[in-house]
Amino acid sequence: YAAKEVKAGAVVFQPEQHVTAPARLTVLGDLRRALDGTDELFLHYQPKYTLDGERIEGAEALLRWQHPTEGLIPPGDFIPAAEGTGIILRLTERVLDMALVQMRAWIDAGHPVPVAVNLSTRCLLDAGLPDLVQRLLAERRVPAELLRLEVTESAVMGDSARCMEVLQRLHVLGVRLSIDDFGTGYSSMSHLRRLPVDELKIDRSFVMGMTTTQHDAVLVRTAIDLGHNLGLTVVAEGVEGTEHVTALRALGCDIAQGYHYARPMGGERMSELLDRVGTIHDPRGSAATAS
Ligand code: C2E
Ligand code: MG
Ligand code: MG
Ligand code: MG
C-alpha cells in the first residue's frame, strides 16, 4: 500500500504517491477478496439539491471500502489501481447493483430519486456495458430513466468510436448521462454537442475558486452558459459556502452538490433525508412536511 504511518494504529493513504508494483498487487489482491465478500464495499450517497436548498433533485453514489485492517479507504486510493485491470469492470458491476437495490427501496418508499453512478474510462470501452446495465435494471426493477451515469470529460473526449457507440446504446436504453469534472479536460463545443448527455457537472476546483479567483469565475460562468446553450442541466460540485451559492444563483446554475448542502452519507441516513426534505420527483409534487 501507499500508506504512511502517522501514529500508532493510524494509516494515511497517499493518493498522489506513486503506487509501486508490489503495493498495487496487494491492493488488487485485497480488492478481489473484497469483491468475493459482501460487507467491505458499500456506497455512500451525496444528495444534489436545487440551489435554494429546499428540495433534492438526485444523488450520487460514491464507493467506500472498509478494509479489515487498513480502515476506510477512499475511492481515489484504489480505483486508479483497479482501472489498470479488468477488476474495474467487476467493481462497476457491484456498484451498479448496490445502487439499483437502494433505488428500488427508495422507489418503494415513495421517492423515485435519480441516482448517479461513476464510470471509469475503461468501462466505456467495454462493449458489454450496455447489456450489463440493461440486465441489472431489469433484475432490480428500476426504470432506466432513474439511473444516471457519470463519465469524465477526458474519458469521452479521447474520441474513440467504440466509446461513442457504448454511450449511444446506453442512451437508447433510456439511461441519463452526465459529464463529470467538467473544466478539467479539453472538450470542444462541437464534440460536446454530439454526445448524448443531458447534464454537465462543473468540477469542484473551479466552483471552490470562483469567489476568489477571476479565472475560476470565468470558467464557471462559461460552463453554465455552454451547458444551457446545449440544453443541458448544469450542476456545480464542491459547493461549500453561502458565497458560492449566491454566486451560482446569480449565474443561473441549476443544481448544486457539496458540503454546504450535505456530505456523502449512508443509505439509511439518505432515506431519512428523503423522507424529511422530499424530492422534486415525488408523486405528490411537494416536500413532505417534517414529522
Ligand atoms: P467525483 O465523481 O467528482 O465525486 C465527487 C467527490 O467530491 C466525492 O469524493 C465527494 O465526497 C467530494 N465532495 C463532494 N462535495 C464536496 C465539497 O463540498 N468539498 C469537497 N472538498 N469535496 C466534496 P469521493 O467520494 O472521495 O470520490 C472521489 C472520486 O472517486 C469521485 O469523484 C469519482 O471520480 C471516484 N469514484 C467514487 N466512487 C466511484 C465508483 O463507484 N466508480 C468509479 N469509477 N469512480 C468512483
Ligand atoms: Mg462523479
Ligand atoms: Mg465530479
Ligand atoms: Mg470532481
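The values are calculated or read from the model by the stated rules, or taken from the named source; none is laboratory data. Given the structure is predicted, the values throughout are model-derived calculations rather than measurements. Virtual Cβ from ideal backbone geometry, glycine too; neighbours counted across all protein chains shown. Protein only, heavy atoms only, side chains kept; ligands, DNA and RNA dropped before computing areas. Shrake-Rupley method; radii C 1.70, N 1.55, O 1.52, S 1.80 Å.
Just the number please: accessible area per residue for the chain, 1.4 Å probe, all protein chains included, in Å². Write out the running numbers ahead of the final one.
On the way: 13730 Å² over 291 residues.
The answer is 47 Å² per residue.
Using a 1.4 angstrom probe on heavy atoms only, work out the carbon and sulfur share of the accessible area of the chain in %.
Its accessible area is 51 percent carbon and sulfur atoms.
In terms of modelled amide H atoms, which long-range or inter-chain residues lie less than 5 Å from the amide H of residue 51?
Placed amide hydrogens put 256 under 5 Å from residue 51.
Could you work out how far the C-alpha centroid of region 58-104 sits from that of region 230-269, in angstrom?
After rounding, the separation between the Cα centres reads 23 Å.
Could you tell me whether the chain comes out rounded, prolate or oblate from its Cα gyration tensor? Rule is a ≥ b ≥ c as square roots of the eigenvalues, rounded for a/c under 1.5, then prolate if a/b exceeds b/c, otherwise oblate. The partial results should precede the final answer.
Values: a/c = 1.26, a/b = 1.22, b/c = 1.03.
Verdict is rounded for the chain.
Using only helices, what value at 222 nm comes out for the chain when you add -39,500 (n - 2.57) per DSSP H run of length 4 or more and divide by the total residues, to the nearest 500 deg cm²/dmol?
Working: 12 runs with 125 residues, N = 291.
One gets -13000 deg cm²/dmol as the mean residue ellipticity at 222 nm.
Spelling out what I want: for every residue of region 252-267, take phi, set θ = phi - 60°, compute 6.51 cos²θ - 1.76 cosθ + 1.60 (Karplus), and round to whole Hz; glycine and proline get x.
Each residue's phi maps through the Karplus curve to give x, 4, 8, 9, 10, 9, x, 4, 4, 8, 5, 8, x, 9, x, x Hz.
Could you sort the peptides 28-36, 203-211 by per-residue average Cβ neighbour count (10 Å cutoff), highest mean leading? Walk me through the numbers on the way to the answer.
Values: 28-36: 15.4, 203-211: 20.6.
Going from most to least packed, we get 203-211, 28-36.
For the chain, what does the relative contact order come out to in percent, with C-alpha contacts under 8 Å and a separation of six or more? Walk me through the intermediate numbers first.
Values: 499 pairs, mean separation 52.5, N = 291.
Computed value for the chain: 18 percent relative contact order.
Rounded, prolate or oblate, given the Cα gyration tensor of region 49-194, with a/c below 1.5 counting as rounded? Walk me through the numbers before you get to the answer.
On the way: a/c = 1.31, a/b = 1.10, b/c = 1.19.
Note, shape of region 49-194 comes out rounded.
Divide, for region 16-121, the radius of gyration over alpha carbons by 2.2 N^0.38 Å, where N is the residue count.
Rg over 2.2 N^0.38 Å, computed on Cα atoms: 1.20.
Under the rule of at least 5 residues apart or a separate chain, name every residue whose amide H is placed under 5 Å from the amide H of residue 149.
Hits under the 5 Å cutoff: 117, 176, 177, 178.
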